[in-house]
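Here the structure comes first, spelled out in structure tokens, and everything after it is commentary.
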Amino acid sequence: MIKRIRKCTPFIIGDIRSIISGIINFARYSLSDENVPVSLSLFSSASYKTETGRACRYDVSIANNTPQGLWINFLIDIYQKNNPAHPEGHYAYYEKRVYLQTQASQKIKIIYDWEKPPLFDIDGTVFSPDNSWRGSLKEKGKYLLHAILKAEDGNFIEQLTLIQEVSG
């Protein structure tokens, strides 16, 4: 029994150190004044798989934690998963300018069928992209869908990525 305890002691001590380190880091983070002014808090797809020509829904939520409303540029940038390089693996790019209310989250529903430009449903009003580019869907398979936030001046804010399998 004592041999077992001695064998386990280094692991137990290591676990205790990890737990204490985690508690200390959590406390530091909780007490910091770090402010996240704008955040892409959700990017999800209704399905892991989709087909060309069949509408798929994507949900987005953007949080504005600033004391004033502001405009941002929201982009969807799509690449082949096995070749995420421009121009060969770049499939499409869609951009929509969105106003964010102060201290609120803006929800966006995107309807996209992989053949026509997506529609952006913002507060019940449907919009087309402000800017877009689309190549040809060279092959079926897995694609990277990047949801990107940029400030009005073009500076990158944040990005979330989905992987979706496209057939058809």
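Look at (1) exposed (fewer than 14 other Cβ atoms within 10 Å of the Cβ); (2) in contact with an Asp or Glu (Cβ under 9 Å, 6 or more places away or on another chain); (3) of a type in the set (K, R) and you find that K96 fails only one, number (1). Listed by position, the strands (runs of 3 or more DSSP E) inside segment 51-168 whose residues that are touching a Leu at 6+ places or on another chain (Cβ under 9 Å) number at least 1 are 56-64, 70-80, 90-100, 104-112, 125-127, 131-134, 141-151, 156-167. The sole residue among I16, I20, I111 that is of a type in the set (V, I, T) and surrounded by 14 or more Cβ atoms within 10 Å (Cβ to Cβ) is I111.
Here, each number is a calculation from the coordinates, and none is a lab measurement. This structure is a prediction, so every number in the text was calculated from the model and none was measured. Neighbour counts run over all protein chains shown; Cβ positions are idealised from the backbone, glycine included.
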